[in-house]
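Asks: Mind having a look at this structure? Questions to follow.
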Amino acid sequence: MGAPLTIPRRTLTVDEYHKIGDAGILRPEDRVELIEGEMIEMAPIGARHFAMVNKLNALLVAAVGKDGIVSIQNPVVLPPRNEPQPDLAILKPRFDYYKNQLPNAKDILLLIEVADTTLEYDRDAKIPTYAQHAIPEVWLINVQTNTLSVFLEPSPKGYRRLLTPQAGDHVVPHLLPAVHIAVTEIFS
C-alpha cells in the first residue's frame, strides 16, 4: 500500500465566502463557518450546550455592562481565510454595535467556545486559529466534564499559557479586570 492520497483543495477567502452567501448558495439555516479556507458544517446544538451559552450570556451581560458587547454565536472575521462563529465573544464597545462591518481580531476582548461534542475541533482547530490571529484570550468550556480552560498569550504557534481554574476560583478576563466570574457559578 502506498502513501496516503493527497487531494488538492481549493480554499476560500473571507470575501469569496461572503459572495457565496450573497448569491444565496448558503441559506440562513445552513450552519457553517470558515476555518482555514474550508466551510465547516457546525454540529447541532444540544441541550447542555444551549443552556451553557445562555447561562454565560446572562452572567457576562451583567458583569461586563457597558465595558463590552456580548455577542452570541456571531461571526468574527479573521482574514484572509477564517470566519469562525464562536459561541460567545466580548467585543470592544462601539456606538454602532458593528452595524457597518463584522468584528475582527482587534475588536475582541474575549472569545468563548462551549464544547459538548466538539471538544477536539474547538481545541485543535479553532483555538490555534485564534492564537494565530492574536485573539488575546479564549475560554474553552467542556460541558461534559464541567471544566474550564483559559488560553492566554497568543503566538503564531498557539497560546503560551493555559490556566485551568477549579471550583472555588474566580476567572477575570485579562482585558476586563472589573469582571469576576465564579467558576462554580458557571457550572451550577
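Asks: When the accessible area of segment 77-188 is computed with all protein chains present and a 1.4 Å probe, what percentage of it is carbon and sulfur? Provide the component values of the computation, followed by the final result.
Replies: On the way: 2950 of 5460 Å².
Roughly 54 percent of what the probe reaches on segment 77-188 is carbon or sulfur.
Asks: Let me ask something else about it. Could you tell me which of rounded, prolate or oblate describes segment 104-177, using a ≥ b ≥ c as the square roots of the eigenvalues of the alpha-carbon gyration tensor, with rounded for a/c under 1.5 and, failing that, prolate when a/b is larger than b/c and oblate otherwise? Before the final figure, lay out each step's value.
Replies: Details: a/c = 1.81, a/b = 1.18, b/c = 1.53.
Taking the square roots of the gyration eigenvalues as a ≥ b ≥ c, segment 104-177 is oblate.
Asks: Another question about this same structure. On the first, second and third principal axes, largest extent first, how far apart are the outermost C-alpha atoms of segment 68-112 in Å?
Replies: Result, largest extent first: 28, 22, 15 Å.
Asks: Sorted by accessible area (1.4 Å probe), largest first, how do Y130, Y159 line up? Numbers along the way, then the final one.
Replies: Details: Y130 0, Y159 40 Å².
Ranking Y130, Y159 by accessible area, largest first, yields Y159, Y130.
Asks: Between E38 and E185, what FRET efficiency comes out of the Förster formula 1/(1 + (r/R0)^6) with R0 = 30 Å and r the beta carbon distance, rounded to 0.05?
Replies: On the way: r = 36 Å, r/R0 = 1.21.
Approximately 0.25, to the nearest 0.05.
Asks: Helix 47-64: angle to the longest alpha-carbon principal axis of the chain, degrees 0 to 90, nearest 10?
Replies: 60
Asks: While we're on this one: Given 0.36 nm per residue, what is the gain on full extension from I72 to D169 after removing their alpha carbon distance, in nm?
Replies: Answer, rounded to one decimal: 32.5 nm.
Asks: Please compute the per residue accessible area over segment 112-188 with all protein chains in place, 1.4 Å probe, rounded to a whole number of Å². List each step's numbers first, then the result.
Replies: Numbers: 3740 Å² over 77 residues.
Per residue, segment 112-188 has an accessible area of 49 Å².
Asks: Same structure again: Using a/c under 1.5 as the rounded threshold, could you call segment 18-145 rounded, prolate or oblate? The axes a ≥ b ≥ c are square roots of the C-alpha gyration tensor eigenvalues, and prolate needs a/b larger than b/c, oblate otherwise. Mind dumping the intermediate values first?
Replies: Values: a/c = 1.39, a/b = 1.07, b/c = 1.30.
Rounded.
Asks: Additional query: On full extension of the chain, what length is gained from E153 through R94, given 0.36 nm per residue of separation minus the C-alpha to C-alpha distance? Let's see the in-between values first.
Replies: Values: separation 59, 0.36 × 59 = 21.24 nm, distance 2.48 nm.
Gain on extension, E153 to R94, equals 18.8 nm.
Asks: Once the piece of chain linking V61 and D124 is laid out straight, how much longer is it, given 0.36 nm per residue of separation minus the C-alpha distance between them? Could you put the intermediate results ahead of the total?
Replies: Working: separation 63, 0.36 × 63 = 22.68 nm, distance 2.83 nm.
Contour length minus the Cα-Cα distance gives 19.9 nm.
Asks: Can you tell me, using C-alpha contacts under 8 Å and at least 6 residues apart, the relative contact order of segment 73-188 as a whole percent? Walk me through the numbers on the way to the answer.
Replies: Numbers: 212 pairs, mean separation 19.8, N = 116.
Relative CO of segment 73-188 lands at 17 percent.
Asks: Which value, in Å² and to the nearest 10, is the accessible area of E16 when all protein chains are kept and the probe is 1.4 Å?
Replies: In the full protein context, E16 sits at about 60 Å².
Asks: Using a 1.4 angstrom probe, figure out how much accessible area segment 19-62 has per residue, in square angstrom, rounded to the nearest whole. Could the numbers behind the result be given before it?
Replies: Numbers: 2780 Å² over 44 residues.
For segment 19-62, the solvent-accessible area averages 63 Å² per residue.
The values are calculated or read from the model by the stated rules, or taken from the named source; none is laboratory data. From a predicted model like this one, the values you see are computed outputs, not experimental measurements. Methodologically, a virtual Cβ is constructed for each residue, glycine included, from the backbone with ideal geometry; neighbour enumeration extends over all protein chains shown. These area figures cover heavy atoms from the full protein model, side chains too; ligands, DNA and RNA do not enter into them. Shrake-Rupley method; radii C 1.70, N 1.55, O 1.52, S 1.80 Å.
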